[in-house]
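The values are calculated or read from the model by the stated rules, or taken from the named source; none is laboratory data. No experiment lies behind these values; they were computed from the predicted model shown. Every residue, glycine as well, gets a Cβ built from its backbone with ideal geometry; the counts of neighbours run over all protein chains shown.
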Amino acid sequence: METISINPAYELTKQILAVLGCGDPYRASLRKFWQDSNASGMIDILELDYEIAGLCQYPDYEIRRIEPITISVQDGELPQVDVREDFPTVPHLMVSRDGKQRYLCYTDLSYSEIRYRLNGRFIVECINEWFAKTARGELHRDDQPLEPFFYGTQDVIIVNPRHISRNFARFRETHQNGRLMLCQVSDIADRTGTSLYVIIRLSLQPSADNIIHHPPNTLRELLGWFSVKQLAEQLLGELRSILNIRHKPKEFQSLFASTAALFSCPCIITLNIPQRRKQSGTVERSDYRVFLTERKTFGDVLRDFGIQRERTNGNKNKKGKVSNKPIDTGKNNLGENIGIRQLDLHWAITPTLAQIYNGIGVGYKHLNYVLVGAGALGSQLFEHCLRSGFGKWTVIDKDVVFPHNLARHILALNSIGQPKATALENYAKTILEDAEVSSIVADVLDPTNGEAVEALDAADVIVDVSTSVAVERMLAMDVKSKARRISLFLNPCGNCLVMLCEDAERKVTLDQLEMQLNSILAGKDDYAEYYSLPSTIAYATSCRDITSRISQEYIALSAAAASKELKRAQVAASANIVIWSISDDGIVADRYDGERWHSVSCGDWRVFMRGSLLQSLQTKRTERQPNETGGVLIGQYDFSRKIIYIADMIFSPDDSIEAPTSYIRGCENLPEQIQQIAKRTYNSFGYVGEWHSHPGSCTAMSSVDERLLCTISEVNESDCLLGCMIICGGVDNFSIYIHENSATHSAMFKYISKS
């Protein structure tokens, strides 16, 4: 680098010169150094002939091996790097309003974010990378969004995407820290403090230059992007469409008190700019830009384009019309007197946009969900789904909001005394104007509530968060609906969340998954304290006015996990059980595939037997041959529906006597094991009956078996239970026997594992 006597104001300037002075790998000739100043302080200005390192042999653009550049260094700002005035139009090149000054956009970070790594080497590397990648056409990656057509602005307008095609809309105007914000209000919202705006909609031809332009200051500058033909077709068409409302009395009167009110409306101009990555490519996106007329009305716009209201027979209020003739570009101002102000467009949140922001894939199906239970867990789960645009929801709950609910509920003070379901629907509309949410204030257990019955029947998925076994069983077996059922609930202490999820075809139902869960709880030491009871507190005077002391953090973690799992379930058709264990160190999930159950009718009873249990009985029979073996059956009775669930067994105690033609079941440690199962399942599981094997394939009862069944019946009778016995024979043969009211019922069946 040539030696020129300089005295830089900034250390960064000295570092840039030092890096370039080394000559490896970056080289430049210093043509001139000078200084300037502005309100922010001194500016060091370096005029250089910069030699681009790594410039490709055949650049995509007319970029020279040695480019003249000017680097301006100023305190508190990123250095500005100007290029020659005739530098080709390329991505990430900033252009001044008059088009004469062009400078590099070499980083997407602000000065405050990058200052900690800002030194001379960094600046020079950024400059060289910009040139080298631009020459190869790689600076703007294929996976990178296209550049906006105009620079942004701090002023904001918020528009509902569904209403972008309207010619009239109401907005609420606010100002904060010098920023103007226009927020569109819905048709049913309170109109206090709002104003009606006329919206003029324009659209440019597709653009592929992929550079950022300075926004126009007047309507005439904006319209300079249009050809005369486009201007005539689009602008006149829009004005006709807007004025045509005067010929629709009902719609006109709903918006305006008079024609004068229409002409006094401020104007918003929307500009749709279709963008292509390449000139021959397809349109990749539409860049919407919005402009507000500065202190000018719709009437002012008409006058500036030479469009006047006609007066006939002295009638000053005679309605005028827009001529079909092209606008006279020689006689009218064409918007020169209409100052405009660019507004940064923000789309109002919609379910579709919420899905995009939450990363929900395009293959997502918008299903009808019914949420049964709007308590703490249900409300927080609902909020996660709502904010991610997931599902169309109907909320069913009969309860109202009490003050103590707010400790763990998403609702606020203004909801106290309201039905939870209704309050959640109203809350949803404060987040998503277009939220697809309805509510039913009802007890879901009431079969006479037609509205609830209809909602359940129309659902694609029913999500039970009622924490009620009665509700879960009713939804599983009594509701006539094709909907898949999912049940979510916390254990008493709130440190375990459980999800029972049916398969899409409902071959495994919630009640069966509930029994499988009990088997898991009974058999795994990890869940020995699942049913530990938390401390409670009375929130009112009734003996039932008790609530648990459970951390809000546990509810929040559980709701987030449940929301994520609901989304996973939509694309997974299989049945499963998920148990999340929550601790101070985080949350861990254990997953179990839902098991198939085998069912038979036996007298008036329906018996459901877990498939893995029947398989285990056959395995134990084979292992102990030629002797007979057996054990105790564990499960649960549902007396209201006459169902017996047989889920587990306790295998032959050590003091049992096994022989080729007989089996005498022992008792060693048996009472303790049954008591432990009852404790771990909160008395959901208990002794159901006995099972034993036969050496051959015959599963008919012997006389000894008949006496055994009677004995079982007598023992169970004191607990108001039935006598139940399973005989396991060869070739996958089984028989089940039930003794009730001195009568014996039986059913023979085969079970062949499908695994």
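Descriptive notes on the structure:
Residue by residue, here is whether (1) crowded, with 17+ Cβ neighbours inside 10 Å; (2) at pLDDT below 95; (3) in the same structural domain as residue 87 (by TED's automatic domain parsing); (4) under 48 Å from the mean Cα position of the chain (by Cα) holds:
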residue	(1), (2), (3), (4)
16	yes, no, yes, yes
23	no, yes, yes, no
37	no, yes, yes, no
40	no, yes, yes, yes
45	yes, no, yes, no
52	yes, no, yes, yes
58	no, yes, yes, yes
61	no, yes, yes, yes
66	no, no, yes, no
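- Some residue of the stretch 465-475 being over 30 Å from residue 422 (Cβ atoms), crowded, with 22+ Cβ neighbours inside 10 Å, touching a helix residue (DSSP H, G or I) at 6+ places or on another chain (Cβ under 6 Å) and assigned by TED's automatic domain parsing to the domain that holds residue 573: no
- Some residue of the stretch 118-137 being at pLDDT 95 or above and touching a Gly at 6+ places or on another chain (Cβ under 8 Å): yes
- Any hit, the stretch 587-603, residues being modelled with pLDDT of 95 or more, surrounded by 12 or more Cβ atoms within 10 Å (Cβ to Cβ) and closer than 30 Å to residue 405 by Cα: yes
- Note on the stretch 628-664: among residues that are among the β-branched types (Val, Ile, Thr) and touching a Gly at 6+ places or on another chain (Cβ under 6 Å), the one that is surrounded by the most Cβ atoms within 10 Å (Cβ to Cβ) is 646.
- Counting only strands (runs of 3 or more DSSP E) that fall entirely inside the stretch 333-449 and contain at least 3 residues that are under 16 Å from the mean Cα position of the chain (by Cα), no element qualifies.
- Near pairs, Cβ below 7 angstrom, 6+ apart or cross-chain, from the stretch 257-285 (touching a residue at least 12 places away in the same chain (Cβ under 8 Å)) to any residue that is part of a loop (DSSP other than H, G, I, E, B) and among the basic types (Lys, Arg): 259/319; 284/277
- Qualifying residues in the stretch 277-302 (those that are within 22 Å of residue 218 (Cα to Cα) and of a type in the set (S, T, N, Q)) - the one surrounded by the most Cβ atoms within 10 Å (Cβ to Cβ): 293
- From 89, 107, 70, residue being under 26 Å from residue 140 (Cβ atoms), surrounded by 11 or more Cβ atoms within 10 Å (Cβ to Cβ) and in contact with a Cys (Cβ under 7 Å, 6 or more places away or on another chain): 107
- Some residue of the stretch 157-166 being outside the structural domain of residue 426 (by TED's automatic domain parsing), over 26 Å from the mean Cα position of the chain (by Cα) and within 17 Å of residue 291 (Cα to Cα): yes
- Residue within the stretch 588-601 that is in contact with an Asp or Glu (Cβ under 6 Å, 6 or more places away or on another chain) and among the hydrophobic types (A, V, I, L, M, F, W, C) present: no
- Selection of the stretch 173-226 for residues being within 16 Å of residue 342 (Cβ to Cβ) and part of a loop (DSSP other than H, G, I, E, B) yields 178, 204, 214, 215, 216, 217, 224, 225.
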